[in-house]
Amino acid sequence: LNTSLAMKYFRADYEGALDNSLAAIGRFEQTAYRYLLAQHQRLAGHVYAERAEYELAEKYLFMALDNTHAGDPDYESVRALILHTLAMVHEYKCDGPEKPIAYLTEAIALLSDEIHGARRATCMMGLGNIYNEAEQIEEALKYYLQAAEVYEDRFLLADMAAAYSNIGNCYTKLVDFDRAEKYLNKSLELRLKAGSPSAISISYYNLGVLYKERGELEKASDLFLQTKEQAERSGNRQFLEMIEDEIADLQKKYKQQFSAS
């Protein structure tokens, strides 16, 4: 299990982690240590979800749930992680918010603030994402703010930056631009100190969207150019296409402004 986790998290070798865990599942199918088997099955389900092989993902995740029982070591945390992954599968499938909300709500109920606060906050962020995608912005904001408070108490800087970014985006959608600017700048400040090029590019992009919505097109243009520079370093082609679309849209708005004047 440690080998699979190290391959996945330290080397980003998802295929190697999957192969190792599938071998362990086959070898130890009759083990008495079902809670360890469940963690291999959860990892396999996660990798299959990333590969968009959703039927296989659900198959292994349901097997993992069947192998978790109250009294197992770290039962609450492991079962909540499996539920969180199941929610992620349905989010990827875009088959509606009902199942992801149910899975994440069940996961949160398992986790206590004192012992599992950070993981509980991660599930809250997941709920925020589901509600945000469903355009229930006020509900999404509620969960993002709760998660941010937990991350601040534990001084988890990367998670704080992610929460601030999501909060800022919600305020942009709610046309509360001053609050949006405050939170998006806090996110960018943290990411400039310790974030990856990918995370920094997302913060620049979010600020660019804010200023575009605010009608400050020159600021938006500068931020989208900074976004592009960071995104090129991270090699995210899909994100680069989004940025190019935003830059093209800004150019149209510039022309409209020039024509109107």
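The values are calculated or read from the model by the stated rules, or taken from the named source; none is laboratory data. What you see is a predicted model; the values in this text were computed from it and never measured. Note that we place each Cβ from the backbone using ideal geometry, even for glycine, and neighbour counts take in every protein chain shown. Protein only, heavy atoms only, side chains kept; ligands, DNA and RNA dropped before computing areas. Shrake-Rupley method; radii C 1.70, N 1.55, O 1.52, S 1.80 Å.
Could you grab me the full set of residues in the range 64-106 that are aliphatic (A, V, I, L, M) and open to solvent by less than 50 Å² (accessible area, probe 1.4 Å)?
Selection gives 64, 65, 78, 80, 82, 83, 86, 87, 88, 89, 101, 104.
Where residues in the range 135-163 are within 19 Å of residue 83 (Cβ to Cβ) and of a type in the set (A, V, I, L, M), which of them is most open to solvent (accessible area, probe 1.4 Å)?
Checking each candidate, the answer is 150.
Considering (1) within 18 Å of the chain's Cα centre (by Cα); (2) within 22 Å of residue 130 (Cα to Cα); (3) not hydroxyl-bearing (Ser, Thr, Tyr), say which one residue 174 fails and leave the rest.
It fails just one condition, (1).
Taking the conditions exactly as written (modelled with pLDDT of 90 or more, among the hydroxyl-bearing types (Ser, Thr, Tyr), buried (at least 20 other Cβ atoms within 10 Å of the Cβ) and over 18 Å from the mean Cα position of the chain (by Cα)), does residue 183 satisfy them or not? Give the steps one after another, and end with the answer.
Values: modelled with pLDDT of 90 or more: yes; among the hydroxyl-bearing types (Ser, Thr, Tyr): yes; buried (at least 20 other Cβ atoms within 10 Å of the Cβ): yes; over 18 Å from the mean Cα position of the chain (by Cα): no.
Spelling it out, it is not the case that residue 183 is modelled with pLDDT of 90 or more, among the hydroxyl-bearing types (Ser, Thr, Tyr), buried (at least 20 other Cβ atoms within 10 Å of the Cβ) and over 18 Å from the mean Cα position of the chain (by Cα).
Considering only residues that are closer than 15 Å to residue 249 by Cβ and of a type in the set (D, E, K, R), look in the range 186-213 and name the one that is most open to solvent (accessible area, probe 1.4 Å).
By that ranking, first place goes to 213.
Given the criteria modelled with pLDDT of 95 or more, within 14 Å of the chain's Cα centre (by Cα) and closer than 17 Å to residue 113 by Cα, does residue 163 qualify?
no
Could you grab me the full set of residues in the range 1-25 that are of a type in the set (Gly, Ala, Ser) and under 14 Å from residue 64 (Cα atoms)?
The answer is 21, 24.
Quick check on this structure: which one of 11, 51, 27 is open to solvent by 20 Å² or more (accessible area, probe 1.4 Å), out of contact with any helix residue (DSSP H, G or I) (no Cβ under 9 Å at 6 or more places or on another chain) and among the basic types (Lys, Arg)?
27
From the list 44, 38, exactly one residue is out of contact with any Lys or Arg (no Cβ under 7 Å at 6 or more places or on another chain), surrounded by 21 or more Cβ atoms within 10 Å (Cβ to Cβ), free of Cβ contacts under 8 Å to residues at least 40 places away in the same chain and of a type in the set (Gly, Ala, Ser). Which is it?
44
Return the only residue of 220, 194, 248 being over 22 Å from residue 141 (Cα atoms), among the small types (Gly, Ala, Ser) and free of Cβ contacts under 8 Å to residues at least 12 places away in the same chain.
The match here is 248.
Within the range 4-15, track down each residue that is part of a helix (DSSP H, G or I), farther than 14 Å from residue 37 by Cα and not charged (D, E, K, R).
6, 7, 9, 14 - these are the residues of the range 4-15 that are part of a helix (DSSP H, G or I), farther than 14 Å from residue 37 by Cα and not charged (D, E, K, R).
Take residue 250 and tell me if it is in a helix (DSSP H, G or I), at pLDDT 85 or above and open to solvent by less than 40 Å² (accessible area, probe 1.4 Å).
yes
Could you please give the count of residues in the range 117-134 that are hydrophobic (A, V, I, L, M, F, W, C) and open to solvent by 30 Å² or more (accessible area, probe 1.4 Å)?
Summing the residues that are hydrophobic (A, V, I, L, M, F, W, C) and open to solvent by 30 Å² or more (accessible area, probe 1.4 Å) in the range 117-134 gives 2.
Could you run through the range 57-105 and say how many residues are touching a residue at least 40 places away in the same chain (Cβ under 8 Å) and of a type in the set (S, T, N, Q)?
2
For the range 71-174, list the helices (runs of 4 or more DSSP H) that sit wholly inside it and hold at least 3 residues that are within 22 Å of residue 188 (Cβ to Cβ) and not hydroxyl-bearing (Ser, Thr, Tyr); which are they? Working first, answer last.
Details: elements: 75-93, 98-110, 113-133, 137-154, 157-173.
In the range 71-174, 113-133, 137-154, 157-173 are the helices (runs of 4 or more DSSP H) which contain 3 or more residues that are within 22 Å of residue 188 (Cβ to Cβ) and not hydroxyl-bearing (Ser, Thr, Tyr).
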